[in-house]
Each structure stands twice: as structure tokens, then as C-alpha cells.
1. Could you work out how far the C-alpha centroid of the range 375-394 sits from that of the range 201-252, in angstrom?
2. Tally Lys and Arg at +1 and Asp and Glu at -1 over the other residues with C-beta under 13 Å from the C-beta of Asp447: what net charge comes out?
3. Around His245, with a cut-off of 12 angstrom between Cβ atoms, what is the net charge of the other residues, counting Lys and Arg +1 and Asp and Glu -1?
4. Along the positive direction of the dipole of the chain (beta-carbon charges: Lys, Arg +1; Asp, Glu -1; about the Cα centre), which of Met502, Ser246, Leu425 reaches farthest?
5. Roughly what angle does helix 447-461 make with the longest principal axis of the chain, taking Cα atoms, 0 to 90 degrees, to the nearest 10?
6. Using only DSSP helix segments of four residues or longer, with each worth -39500 (n - 2.57), what per-residue ellipticity at 222 nm results for the chain after dividing by its residue count and rounding to 500?
7. If each residue's Cβ is checked for other Cβ atoms within 10 Å, how do Leu220, Leu123 rank with the fewest at the top?
8. Of His391, Ala381, Val445, which is farthest along the charge dipole of the range 367-492 in the positive direction, counting Lys and Arg as +1 and Asp and Glu as -1 at C-beta?
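A short reminder: the numbers here are calculations on the coordinates, not readings from a lab. Since this is a predicted model, take the numbers as computed values, not measurements. Glycine gets a Cβ as well: all are built from the backbone with ideal geometry, and neighbour counts include every protein chain shown.
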Amino acid sequence: MLITRTGALALTLLASCATAPSGTAVPELSSVAATPPVPAPMVSAEAFAPWLTARDILASDTTSAPRAGAAGLGDRYYPELGNGGIDVLNYDLDLEIDPVIGRLDGVATLTVRALHGLSSFQLELWKLTVESVAIDGTPADVQRVGDELLITPKAPIAGGSAFHVAIAYGGTPAGVPSPSVPFEGGIGWIHTGDSTYVMSQPNGAPSFFPCNDTPLDKALYTFRITAPRGMKAVANGKLMSVEDHSDSRTTTWRASDPMVSYLATVAVGPFEEVVQEGPRGLPIRHYFHPSIEAADRKAFERAPEMIAFLEERFGPYPFESFGSIVSNSPIPAALETQTIPTYGAAATGESVIMHELAHQWFGNSVNVRDWSQLWISEGFASYASWLWTEHTRGPNAIAAQSQAMYGFMKQREVASPADPGIENLFGLEVYVRGPWVLHALRGEVGDEAFFETLRTFHGRHDDGHATIEDFVDTAVEINGPSVEALLRTWLFEDEVPDVAEMDVP
Ligand SMILES: [Zn+2]
């Protein structure tokens with residue numbers, strides 16, 4: 001994410017609001033726990049999603065007795081997010097959306113692997129009304145427990161098996177309050193009059209679909225969106241089909257690369273589409289709200305060139321498509337929604353586009369394991385904008401930028417970017433000191449070794465997850481032990497490190 005302001009640094013986000021979503025313990029379910037487990041898996045999890053075997057980090061226990069899936073996964077900032085005992089492999093979202101009244105009705109069919117025998121399990125869903133839940137075609141019991149759904153199958157589900165859970169739901173989606181993001185109206189679903197958008201980082205995805213809302217759980221997605229004719233419906237991945245009915249239109253998108261829930265997006269509105277082609281025929285589709293001026297659309301034309309620029313430095317573009325959703329939302333932010341970033345009307349420009357593009361490598365293809373480690377995502381995306389400044393405006397421009405940022409850091413005593421705190425998640429530590437960590441490493445080891453470090457780090461964790469320690473390990477392996485102290489000082493110590501060339505009074 002990048003939260004923009006019109007001021008000089010254009011990045012600060014210091015206030016906080018709202019309260020954390022409440023987490024609630026799972027009630028006892030002794031009445032169903034005695035029922036024998038379902039013996040045969042309906043589909044093989046490994047056959048369905050072969051990438052699981054290589055990169056999956058959700059451990060499976062196929063032997064112990066069925067029990068309730070835990071209500072959260074213990075994230076350092078968002079401990080209630082995500083759910084124990086389940087690994088979603090695929091989301092099939094069949095959504096009917098009226099963007100003018102802001103109404104959504106749908107059926108979400110999740111293919112789920114049971115990580116242990118399950119007497120019940122939970123999913124996040126904010127506010128919307130659930131009409132029915134079925135597991136492999138059999139009705140299941142559902143209760144609201146705080147902000148979550150507690151789903152109890154007729155019979156326990158065997159550990160290691162995969163099953164389909166179909167949830168029919170609907171209503172007028174509302175934003176989810178987040179202590180990290182002070183947007184009025186919360187995060188997730190955004191309704192702007194004639195169109196709807198999504199910006200969910202970190203906990204807004206349940207505003208529009210039931211999910212295992214954690215960066216730990218990657219899945220594939222299909223979106224079938226029915227909207228009034230005349231409206232365009234956009235989502236992640238590739239545009240598969242458009243089917244016209246008498247007064248509506250169904251548009252299908254398929255995301256074939258693993259994706260976590262906060263990066264899922266659905267936008268519906270009277271968009272104007274611009275198609276481009278990137279390196280090796282990569283499909284690029286931009287969607288502009290009609291109110292976006294031609295001058296503000298211009299920067300998006302450089303997308304193919306920007307992708308080629310980052311491929312030289314970060315390695316091959318990691319996904320099957322790219323594009324943009326440029327909204328009429330007044331929210332001063334953009335989000336790296338996977339393969340197709342989403343922009344507020346005033347949050348555009350080359351620097352922002354480059355930031356969201358760079359997230360496709362760092363943040364999306366390589367995700368954090370825990371929200372406290374957001375530097376893995378934002379540090380790299382923010383530094384990509386510095387690199388683009390250097391490329392387009394020359395070495396003096398990045399020298400001036402790094403000098404200005406360094407002076408600002410010193411003056412504000414910007415602390416360590418590792419573990420910035422839940423209310424300061426999108427703060428200066430990650431967005432100003434974050435890129436400076438990489439700039440300092442680059443200054444120490446030179447361009448060739450620096451970019452090799454980034455490419456190696458990405459290649460090792462592509463379609464997976466990484467920690468800050470994983471990056472330090474890769475950097476030390478490539479550049480030798482001398483860089484460890486430099487990285488640890490920049491990443492973990494609160495005092496801003498001294499830099500010889502930076503002439504700060
Ligand atoms: Zn970002």
C-alpha cells in the first residue's frame with residue numbers, strides 16, 4: 001500500500017482510529033465431536049494445487065482426533081486473523097454486484113484442506129448476512145461468533161482431506177475498522193456512487209467474501225461477477241470471458257497464481273478499458289473511471305517499460321498479467337492488489353505506479369508471514385520508486401532524494417522498520433527508513449551484488465513467504481558477513497545509523 005499526501009514527503013500516516021475486530025473463543029462442540037470422521041478425501045489437495053507441496057507453510061496433522069479449528073493464528077498485531085485447522089486452496093466467488101446501490105449477493109465456494117480432523121472451523125466475514133452453508137453438498141450449521149462464522153459440519157472432517165464449503169451470502173458491504181489504517185469508513189469494500197472497489201490491507205477482505213484472512217494462506221481464485229450491462233467488472237488474474245444477458249453481464253476472471261486474501265480485488269463501474277502488452281506478450285489491462293483526466297492517465301502508459309525496468313533488477317515478472325484500476329475514490333491511497341493495483345483518484349503518478357508494480361515481486365509473490373514484518377513488502381516497493389527516479393531523472397535526483405530522506409529521518413528520529421507497531425504499521429519507519437535500509441546496503445556492496453541479492457531473495461521465496469531474517473541470511477550469503485552488522489543496525493536498532501556521505505547538521 002502507499003498512502004499519499006500532497007505534502008513534500010507524501011507518505012505520512014500517523015493517526016490511528018477505530019478498534020480492532022473482536023476475536024472470540026470457539027465454543028465447546030462436544031455433541032458433534034463424538035461422530036466418526038469422514039473417511040475419504042473428496043479431492044486430493046496436492047493434485048489440486050501442486051505449488052502447495054513446494055512452498056506451503058501450513059502444517060498438516062492427519063492423525064489426531066477431530067477438534068475445533070482455532071479462532072486465530074496468533075499474528076503479532078492481528079492475532080484473531082486467520083483460522084486454525086484449514087488451508088484454503090481455491091476460492092470460487094460467484095458475485096452479483098449492483099455498483100450504484102452498492103449491493104452484493106453471492107455464493108463463495110471454497111476448496112479447503114483440513115490441516116487436522118475438524119469438528120468445526122471458522123472463516124472471517126464482516127457484517128454480511130449468511131443464507132446457507134453446505135459442505136460437499138450437505139447443509140452445515142453456521143453461527144456468527146463475533147466477526148467470524150463458526151461452521152459445524154454434520155460429521156467431522158478427516159485431517160488431510162479436502163472439501164468444498166459453499167456459502168450463500170449477501171447484503172450491503174461495509175468497510176472493516178483497522179487500527180493500522182485511519183480511513184473513515186474502514187477498509188476493504190469502497191462504494192463511491194456509481195462504482196465499487198476494494199482495498200483490504202491488512203484486514204479488509206472479509207468485507208466482501210468469507211475467507212481465511214491471513215497472509216499465511218495463499219489460494220487460487222475464480223471470480224464470476226454479474227453486474228448491470230454497461231458496467232465493467234474487474235478482478236485479479238486473467239480476463240476469461242464476458243457473457244451478455246438481457247439486462248446484465250457476467251464477467252469471469254481467473255487468478256492462477258497463489259494469492260492471499262487482502263490482495264483479492266473486485267471493482268465494478270462504468271470503466272474505460274485500455275489494453276497494452278508487456279514483455280513476452282504479458283497482457284496489461286487498465287481500467288479508468290470516466291472522471292479520471294487524460295493527464296492523470298498518461299503515467300500508466302509507461303507500464304510495459306516499468307515492468308521491463310524491474311525485470312532487469314528483480315528478475316522475471318512473477319505473474320500472468322498486469323494492469324490498473326483507477327477509481328474515483330477520494331481515498332488518498334493505492335494498493336498492490338495482485339496483478340492489478342487499485343488507485344484512489346488522487347493517488348496516481350509514476351512513483352506510485354512503480355511502487356505498486358514492485359509489490360508484485362515483494363509483498364505479493366513473496367508475502368510476509370506476520371504483519372509486524374511489513375518491511376519485507378514496503379521497504380522494497382518504496383525503494384523501487386527511488387530506482388525509477390534515478391532511471392528517469394538521473395543520479396543527482398536519487399542523491400537528492402536519499403539526502404532529503406536521511407535528513408528527515410534524523411530530524412524525526414525515525415525508529416527501526418522491523419516491528420513498527422500496529423497503529424504505526426504504515427508509518428515512516430517502513431516507508432522512509434525502509435527504503436534507506438536497501439539504499440545503505442547498495443552503497444556498501446555496489447549495484448551488481450545488490451541486485452543479485454534482491455533477485456536471489458525473490459527467487460527463493462517466489463509464490464511463498466519470507467521473514468526479515470531470511471533477507472539478512474541471503475544478503476550475508478551473497479555479500480559476506482561484513483553486511484550483517486550494517487543490516488542489523490538499520491533494521492533492528494532505533495537510532496538512525498550514521499552515514500558518512502550524508503551531511504546532516
Ligand atoms: Zn506499498
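1. 30 Å
2. Value of the local net charge: -2.
3. Combined, the nearby Lys, Arg, Asp and Glu give -2.
4. My answer, from the dipole projection, is Ser246.
5. 10 degrees
6. Working: 12 runs with 126 residues, N = 505.
Rounded to the nearest 500, the figure is -7500 deg cm²/dmol.
7. Details: Leu220 20, Leu123 27.
By the 10 Å Cβ count, ascending, the order reads Leu220, Leu123.
8. Farthest towards the positive pole: His391.
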